[in-house]
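Data block below; observations after.
The values are calculated or read from the model by the stated rules, or taken from the named source; none is laboratory data. In this text, all values refer to a predicted model and were calculated from it rather than measured experimentally. Positions of Cβ are backbone-derived with ideal geometry, glycine not excepted, and every protein chain shown enters the neighbour counts.
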Amino acid sequence: MKQISRESPAVSPGPSDGSGSDGHDRRHERAHAGRSRPLSRLFDRLASAATRWAGTPMAFCAAVFVIVVWLVAGPIFHYSDGWQLVVNTGTTIVTFMMVFLLQQSQNKDSVAVHLKLDELLSSQRAANNALIGIENASEEELQQLAAAYMALASKHRVQDAGDEGRARRGALRTSREPDAGGPAHDDAGGADA
């Protein structure tokens with residue numbers, strides 16, 4: 001397998017490189033912001049517990065149970081507007097609250113993943129360290145960087161395809177050459193021995 005050279009598109013760390021004015025990383029500050037605020041810690045624990053529970057089979061069974069009870073209650077309440085309003089209001093409230101809980105959990109996971117990726121980038125000597133904190137760049141900057149990396153990948157694909165073609169042609173020439181007792185020729189167990 002051919003190793004690709006570590007040419008990286010030029011990335012200039014600018015004001016959107018994730019650094020604060022005093023040089024501290026904003027993601028690091030966000031990751032530790034909850035330690036100083038009890039309400040943030042409480043919300044974090046609540047959101048984590050709720051999102052873990054919402055993804056369990058027990059949560060799904062509870063939701064099915066509520067709907068079945070609601071359906072069974074339909075004939076009792078003569079399928080009235082109040083009966084329909086109960087499920088509509090209940091599902092709207094649950095959905096509305098879950099949006100915030102899931103978003104908080106997603107934000108926390110996203111920060112953790114970015115910190116892990118930043119650590120991997122910073123630990124690799126050949127990596128482009130300007131990519132650390134790139135998630136804070138503008139959409140336009142990200143599109144320019146993506147285009148630069150796509151061009152780099154295309155360049156390497158063309159180069160790799162050329163290398164493979166030369167290797168195949170070389171293998172065909174070697175297989176067509178008459179046996180001259182060279183390195184490709186196996187003398188073990190031959191007639192001359």
### Summary
Log entry, pairs with first residue in region 86-113 being assigned by TED's automatic domain parsing to the domain that holds A54 and over 16 Å from A63 (Cβ atoms), second being surrounded by 13 or more Cβ atoms within 10 Å (Cβ to Cβ) and among the polar types (S, T, N, Q), beta carbons closer than 8 Å, six or more apart or on different chains, reads S105/S48; S105/T51; K108/S48
### Message
Among the residues of region 117-129, are any surrounded by 12 or more Cβ atoms within 10 Å (Cβ to Cβ) and either outside the structural domain of A62 (by TED's automatic domain parsing) or not in a helix (DSSP H, G or I) (or both)?
### Response
yes
### Task
Select from region 52-85 the residues that are of a type in the set (G, A, S) and either assigned to a helix (DSSP H, G or I) or touching a residue at least 40 places away in the same chain (Cβ under 8 Å) (or both) and list them in ascending order.
A54, A59, A62, A63, A73, G74, G82
